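What follows is a single structure, written as C-alpha cells, with notes after it.
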Amino acid sequence: MSDVAARVKKIVIEHLGVDADKVVDNANFIEDLGADSLDTVELVMAFEEEFSVEIPDDAAETIVTVGDAVTFLEKATAA
Amino acid sequence: MARPKSRIWSGRGWSYLRLFVAVGAKAKAASAAFWSLFMFDLSGKTALVTGASGGLGQAIARGLHRRGAIVGLSGTRRAALDELAAELATNVHILPCDLADKAAVEALIPAAEAAMGGVDILVNNAGVTKDNLFMRMKDEEWESVLSVNLTAVFRLSRACLKGMLRKRYGRIIGISSVVGVTGNAGQGNYAASKAGMIGMFKSLAAEVASRSVTVNCVAPGFIESPMTDVLNEKQKSGILAQVPMGRLGTGAEVAAAVVYLASSEAAYVTGQTLHVNGGMAMI
Ligand SMILES: NC(=O)c1ccc[n+]([C@@H]2O[C@H](COP(=O)([O-])OP(=O)(O)OC[C@H]3O[C@@H](n4cnc5c(N)ncnc54)[C@H](OP(=O)(O)O)[C@@H]3O)[C@@H](O)[C@H]2O)c1
C-alpha cells in the first residue's frame, strides 16, 4: 500500500469509526461505510488538511470511494 | 533605628497588606472559574457581529463582550466601529465590510478567522430597508435588500461552517424580524428577506445539528433605534397600540436573546426563531 493510501485509510477509519478491513479501495463512503453527506464533506476537509492540498468542489463530488480519494491525492501530491 | 510612625508600616500593617495582596492574586486566578459559574458564559469564544455600527448591532456586541466573548465588529461606517471598539477596549477587532459587495463578503470570514483565531459565533445582524408599495417597487429596491439581508447572510454562514464543523461547535444567529413572519404592507422586499432567513436557517440547522452547530433566528418587534427616535407622538402611539406591553423594546433586550442562543446553555435549541416583540405577535 502506498503512503498516500495508508494516510487516506487512517483518516477514513478515524472519521467514520469503521473497521480497517472494511476500508478497501472500492468501498463507497456512503453506501458501504455508513457516511452521511456531511461526512463526505468533512472527509474532503480532512484530506485537504492532511495533504495540504485544495480539493475544488467539482473534484470533491467525484470522490465517492476510498480508491477515488487515493487516486486523486496521489495525483495532487505528485504534481 | 526609628520605626515609621504610621500604623500601616508597623509589623502588623505589613501583614495585612500581604494578606490583601495574596487574596487579590488568588481572586484574580479564581475569577475565570468564578465567572464561569454563572450561566451564559462566553469567555474565550469568538463572535463576529455584522451591522455592529448600528443600533441593535452595538447592543449585541456589548452583550456578547460582557459575557466574555472576543468580538469582531463589522459594518461600513468605520468611525462608528472605531468608537465602539474604543469603548470595549479589549478583546475587540474591527472588520469593515460592505455586504453588498460579493468579494468583500467572501473576504470577511477569512479576515475574522485570522484576526480572532476563529469564528465560534456568527451574528448576522446587518440589514437594510427600502420600503415601497409592491406595485411601485423597483427591481433595484428588491435586489439591494435581498442582497444585504439574505444573500450576504448565506455567504457568511457558508464560509464559517468549515471552522465550526471542524471544532464541532458553532452558533449561527440571524436577526430576522417580526414582519418576516407576519408580513407588512410596503415591505415586500424586506419581509421576503427576513422570512427567507428563517427558512434558510431551518434547513441549515437540520444539516449541521449532528455536529453540535446550532442555527437560529431572533425576530425583534419594534425596538428603540435612531429610526424610531424620529417618529412623532402620533406615529409612536400608533405603533404602541399594536404592542401589548405598551412600549418599544430595547437593544439590550434583543442582545439578551442573542447571548442566550450563543451560549452553551442553548445547545439543544436549533432551527428556532425567538421572538422579542413585547407580545406584538404571539407565534
Ligand atoms: N430596530 C428595529 O426595530 C428592528 C426590528 C426588527 C428587525 N430589525 C433588524 O435588526 C437589524 C439591525 O437593525 P438596527 O435597528 O440596528 O438598524 P441600523 O441602526 O440601521 O443598523 C443597520 C446595520 O446594518 C449595517 N449595514 C447596512 N447595509 C450594509 C452593507 N451594505 N454592508 C455592511 N453593513 C451594512 C449598517 O452598517 P453601516 O451603517 O456601517 O453600513 C448598520 O450597522 C437589521 O437586520 C434589522 O432589519 C430591527
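The numbers here are math on the coordinates, done by the rules we state, and not lab data. Small disclaimer: the values here were computed from a predicted structure and weren't measured. For neighbour counting, all protein chains shown are included, and Cβ atoms are generated from backbone atoms with ideal geometry for every residue, glycine included.
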Worksheet item: If packing is taken as the mean number of other Cβ atoms within 10 Å per residue, what is the order of B:84-96, A:19-31, highest first?
Response: B:84-96, A:19-31
Item to complete: For A:K75 and A:S37, calculate 0.36 nm times their separation in residues minus their Cα-Cα distance, and state this gained length in nm to one decimal.
Response: 11.3 nm
Practice prompt. Please report the orientation-averaged projected area of the range B:145-274, defined via the convex hull of its C-alpha atoms, in nm².
Written response: 8.5 nm²
Discussion item. Can you tell me, using C-alpha contacts under 8 Å and at least 6 residues apart, the relative contact order of chain B as a whole percent?
Written reply: 18 percent
Fill in: Rg ratio (alpha-carbon, reference 2.2 N^0.38 Å) - the protein assembly as shown
1.26
Response to the item:
To the nearest 10 degrees, the tilt of helix B:78-88 (Cα long axis) against the first principal axis of the alpha carbons of chain B is 40 degrees
Fill in: Alpha-carbon Debye profile of the range B:37-81, log10 I(q)/I(0) at 0.17, 0.19, 0.28 Å⁻¹
-0.44, -0.53, -0.93
Worksheet item: When the Kirkwood hydrodynamic radius is evaluated over all pairs of different C-alpha atoms of the range B:85-182, what value in angstrom, to one decimal, is obtained?
Response: 15.1 Å
Practice prompt. May I ask you to order B:126-133, B:227-234, B:185-192, B:49-56 by the average number of other C-beta atoms within 10 Å around their residues, highest value first?
Written response: B:49-56, B:185-192, B:126-133, B:227-234
Worksheet, complete the sentence: Counting sequence-distant residues (5 or more places) and residues on other chains, those with an amide H built under 5 Å from that of B:A126 are B:T50, B:G51
Worksheet item: So what is the relative contact order of the range B:65-212, in percent, for Cα pairs below 8 Å that sit 6 or more residues apart?
Response: 22 percent
Practice prompt. Beyond 30 Å between alpha-carbons counts as too far, so tell me which of B:K45/B:K236; B:K130/B:K167; A:K75/B:K202; B:K102/B:K167; A:K75/B:K45 fall in that bin.
Written response: B:K45/B:K236; B:K130/B:K167; A:K75/B:K202; A:K75/B:K45
Item to complete: Using every pair of alpha-carbon atoms in chain B, split the distances into 5 Å bins beginning at 0 and state the percent of pairs per bin, rounded to integers.
Response: 1, 6, 11, 15, 17, 15, 11, 7, 4, 3, 3, 2, 2, 2, 1, 1, 0, 0, 0, 0
Discussion item. Restricting to Cα pairs below 8 Å that are 6+ residues apart, what does the relative contact order work out to for the range B:198-261? Please round to a whole percent.
Written reply: 32 percent
Item to complete: Quick one: work out Rg over Rh on the C-alpha atoms of the range B:32-134, Rh as Kirkwood radius.
Response: 1.02
